[in-house]
Structure formats: structure tokens, C-alpha cells
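No lab work stands behind these numbers, since they all come straight from the coordinates. As the structure is a prediction and not an experimental result, all values here were calculated from the model. Quick reminder, even Gly has a Cβ in these numbers, built from the backbone with ideal geometry, and neighbours come from all protein chains shown.
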Amino acid sequence: MIIEKWQKLASKYLVREQWATLRVDEVKLPGGVIKDDYYVLEYPNWVNAVALTEEGKIIMVRQYRHAADIVSLEVPGGVIDGDEAPEFAVKRELLEETGYSFKTCKFIAELYPNPATSDNRTFTYFLTGGIKTHEQHLDEHEILNVEEYTVDEVKQFIKENKIAQALHVAAIYYGLAELEKL
């Protein structure tokens, strides 16, 4: 069976904000059915990074996430600003959040956080040779700790379900695959 795209007949914006936009689409499905209330969240694209120090430790950040009401252990990353290139954004985010600069930066994955309801993408990078070169330069709403872990410790965190952000778990798996190539 061939899966066909839906045809967008109309769109109406309900919310337009800096960090999230909500629109409702009227769509026609391949069988002819019209659905007049398909909600889509528009977000900026994101970057995240599996970043290793010169000593081979994985840099993680721990911060509070209000929507889920959890303190979350994550890989560093953030929003791509405007038409900023993803590779530039990941290096900027790492420098801002962690104060680390890196010798290498390799694109390893492009993932959709939730393609059923949102339109954004996350670009994942693998960086090596990290050294602390700057102090953190956090946004006004960011409060986070920078932590370093061995590869085995991070694997154990995943086994124990201590990394709750699904995109970050996926990034770590991609990063581990890159580590095997080294």
C-alpha cells in the first residue's frame, strides 16, 4: 500500500508566540475525508549534542523542566536562532551552557520530536576534545548544572531510566554508535 500525503485545504493561527505557535488545519485525507480540526504546534528547530571532554567524559546538564515538573539530566542543546546554521547553533549553545569548546563537531542525526503534532526538527551532533574555555553565559530563565560522566555511567543512567528526555536518549544512542567508530 502506498501512503499518500494529506492535502492542506486551509490553516488558521490560534496562538503566535516566540517559542510556540498553534495552528489548526483543515485537511483532506487520501480517501476524501475532510478533517477540519487538525492541530499543529510550530516550534523553532533545536540542536542537541553528545559532547565529550578531552578525557572522554560525556558532558551532561541538569535542569528543572516546568512542563513535566522534573529535574532532568540531559545532553546540552537548545533552540536554533532564526536562520542560524545548526552546526553554529550547537557550538554556541555548548559554549553558553557549559563553557566548553571542542576540537571536532560532526552531524549525526536529524530527528522529529513529535511529527504527529509538531513541525520542528532536532539536529544532533557528536563533539570531541572538549575543554573548558569560558564561563557559562545562560539565558535569564536558565538555571543548570554542568556534569561530566563516563560512558559507562551514562549507559547505566539509561538502563535505570534516569534520563527522561526521549530526544536526549536517542542522541546518546547515536553518540555511542559514533564512539564505536573511534
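Most tightly packed first, judged by the mean number of other beta-carbon atoms within 10 Å of their residues, the peptides 104-111, 17-24, 32-39 read 104-111, 17-24, 32-39.
Run down the lysines and flag those whose C-alpha is under 19 Å from the C-alpha of Lys91, throwing out any fewer than 8 positions away in its chain. Partners found: Lys57, Lys103, Lys106, Lys132.
Can you work out the base-10 log of I(q)/I(0) for the range 18-133 at q = 0.19 1/Å, using the Debye formula on its C-alpha atoms alone? Computed log10 I(q)/I(0) values: -1.02.
Note down the magnitude of the dipole of the chain about its Cα centre, charges +1 on Lys and Arg C-beta and -1 on Asp and Glu C-beta and zero elsewhere, to the nearest 20 debye. List each step's numbers first, then the result.
Details: 20 positive and 31 negative charges, 115 e Å.
With Lys and Arg at +1 and Asp and Glu at -1, about 560 debye.
Charge tally for Ala109 (other residues, Cβ to Cβ under 13 Å; Lys, Arg +1; Asp, Glu -1): 0.
With contacts taken as Cα pairs under 8 Å at a separation of at least 6 residues, the range 46-181 carries a relative contact order of 34 percent.
Positive end of the dipole of the range 46-181 (Cβ unit charges, origin at the Cα centre): among Phe126, Ile58, Leu179, the Cα lying farthest that way belongs to Leu179. Label sites at Leu22 and Tyr39, each approximated as a point 7 angstrom past Cα along Cα to Cβ, lie 0.5 nm apart.
May I ask you to derive the FRET efficiency for Arg62 and Ile3 from their Cβ-Cβ distance with R0 = 25 Å, giving the value to the nearest 0.05?
Values: r = 40 Å, r/R0 = 1.61.
According to the calculation, E is roughly 0.05.
Quickly rank 118-126, 79-87, 171-179 as a protection proxy: mean count of other C-beta atoms within 10 Å, highest first. Could you put the intermediate results ahead of the total?
Numbers: 118-126: 21.1, 79-87: 13.4, 171-179: 18.6.
Top of the packing list down: 118-126, 171-179, 79-87.
The angle between the Cα long axis of helix 166-181 and the main principal axis of the chain comes to about 50°, on a 0 to 90 degree scale.
Net charge in the neighbourhood of Lys57 (other residues with Cβ under 14 Å of its Cβ; Lys, Arg +1, Asp, Glu -1) is -4.
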